[in-house]
Amino acid sequence: DGGEDSIAEAVHAELLPPELVQVPAPRVLTTSIPVLDRLLGGFEAGKVTLIDSGSDYVFHLTSLLCVRSVMEGGEVVFVDGGNSIDPHGIAGIAKRVGLARLEVLPKIHVARAFTCHQMATILLEQLDEKVRDADAQLVVLSCLPELFLDEDVPLSEAHQLFLRSARE
């Protein structure tokens, strides 16, 4: 009898909260460049992705991801440890996809660090609040390790700061 099945479904539907009945697909941020998206597989929400390269292409990639995140309705927190953010490049990418620079740039919140101590302070004490306040969908940590290789900071101190920052 089909009546028992519909009663069982109704009971299960009432007992389970809606978020358990439907499992949302993870959000994935893509570059919209098919070859690159096949190689990288996209950037899944809630996951940390490390991109390391000696090439400046990485900076172009982060600019592209910032614009893509804003296109999808998100905001960005960009922690810049190497003075690497390129507002002109971001504005150029935005223009190519039909957005005005003022539709994109204000949604990218930049925190700059020039020393390992400043970077550690941003990561350990300020980042959570910045992400929460901006309701950021993307966080970029640019040139993270370089600041911790400062010859003016004792190696043991820089190492401890880096470890604490990386754990956070």
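Assorted remarks:
- Cβ-Cβ FRET estimate between residue 101 and residue 126, R0 fixed at 35 Å, reported to 0.05: 0.85
- Heavy atoms of the protein chains alone define the surface here; on that basis the stretch 27-96 has 57 Å² accessible area per residue at 1.4 Å probe size.
- Taking the convex hull of Cα positions in the stretch 13-168, its mean projected area over all directions (nm²): 12.0 nm²
- Accessible area of the stretch 89-134 belonging to carbon and sulfur atoms, whole % at 1.4 Å probe: 52 percent
- Rg/Rh ratio calculated on Cα atoms of the stretch 104-144 (Kirkwood radius): 0.95
- Average accessible surface area per residue within the stretch 107-168, 1.4 Å rolling probe, Å²: 65 Å²
- For the stretch 79-153, the share of alpha carbon pairs falling in successive 10 Å distance bins from zero is 18, 43, 28, 10, 1 percent.
The values are calculated or read from the model by the stated rules, or taken from the named source; none is laboratory data. Predicted model, so just to flag it, every value in this text is computed and none were measured. No Cβ is skipped: glycine too gets one built from the backbone with ideal geometry, and neighbour counts run over all protein chains shown. For the accessible areas, the whole protein counts, side chains as well, though only heavy atoms, and no ligand, DNA or RNA atoms are used. Shrake-Rupley method; radii C 1.70, N 1.55, O 1.52, S 1.80 Å.
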